[in-house]
Amino acid sequence: MAKAPAPIPAFLGTGRRKTSVARVKLVPGNGSVTVNARKVEEYLTVPSMLDHAIEPLRVNEAAKKFSADVLVSGGGIAGQAGAIRMGIARALLEAMADMKTILRGKGMLTRDSRMKERKKYGQPGARKRFQFSKR
């Protein structure tokens, strides 16, 4: 009886930023990155956001060793780029544990906790107050 081939190792990572969530799957490959079934260059058209999102792959020449498949939802372009960056960094950390100091030093493993402040009752927005009148 023939043996089944060994499964290809996949490394998973989740990144969050504002209201965006990115689920990343890293597999050994040629360095291609797809976001929501599109090339990353097509999805993130702003060059600074593109560089920001795939920065973890460029840190240790890991771009040539791994291919990333990303599913991202919620938020806008900047939040999604940040979520992709964190997800790729976490998946890389799972693949290569020795990269932790490099990734942590560049701030790629730190969750950016800044969120939109909620609207409070009795006022029109989070901080804005209704106009005050003495009479």
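The values are calculated or read from the model by the stated rules, or taken from the named source; none is laboratory data. Only a predicted model underlies this, so the values are computations on that prediction, with no experimental measurement involved. Ideal geometry is used to build each Cβ from the backbone, glycine not excepted, and the neighbour counts take in all protein chains shown.
Of all the residues in region 32-51, those that are over 23 Å from residue 112 (Cα atoms) and either loosely packed, with under 15 Cβ neighbours inside 10 Å or basic (Lys, Arg) (or both) number 6. As a summary of the residue check, residue 73 satisfies the conditions (1) polar (S, T, N, Q); (2) modelled with pLDDT of 95 or more; (3) within 16 Å of residue 108 (Cα to Cα) except for the one numbered (3).
Just to check your reading of the model, which residue among 128, 116, 100 is under 27 Å from the mean Cα position of the chain (by Cα) and in a loop (DSSP other than H, G, I, E, B)? Talk me through it step by step, then tell me what you get.
Working: 128 fails: under 27 Å from the mean Cα position of the chain (by Cα); 100 fails: in a loop (DSSP other than H, G, I, E, B).
Being under 27 Å from the mean Cα position of the chain (by Cα) and in a loop (DSSP other than H, G, I, E, B) holds for just one of 128, 116, 100, which is 116.
Determine whether region 63-72 contains at least one residue that is in contact with a Ser or Thr (Cβ under 9 Å, 6 or more places away or on another chain), farther than 30 Å from residue 118 by Cα and in a loop (DSSP other than H, G, I, E, B). No, because not a single residue in region 63-72 is in contact with a Ser or Thr (Cβ under 9 Å, 6 or more places away or on another chain), farther than 30 Å from residue 118 by Cα and in a loop (DSSP other than H, G, I, E, B).
Sub-9 Å Cβ pairs linking a first residue in region 85-97 that is at negative phi to a second residue that is polar (S, T, N, Q) and outside any helix (DSSP H, G or I), at least 6 apart or interchain, are 86/14; 86/110; 87/14; 90/14; 91/14; 92/60; 96/60, ordered by first then second residue.
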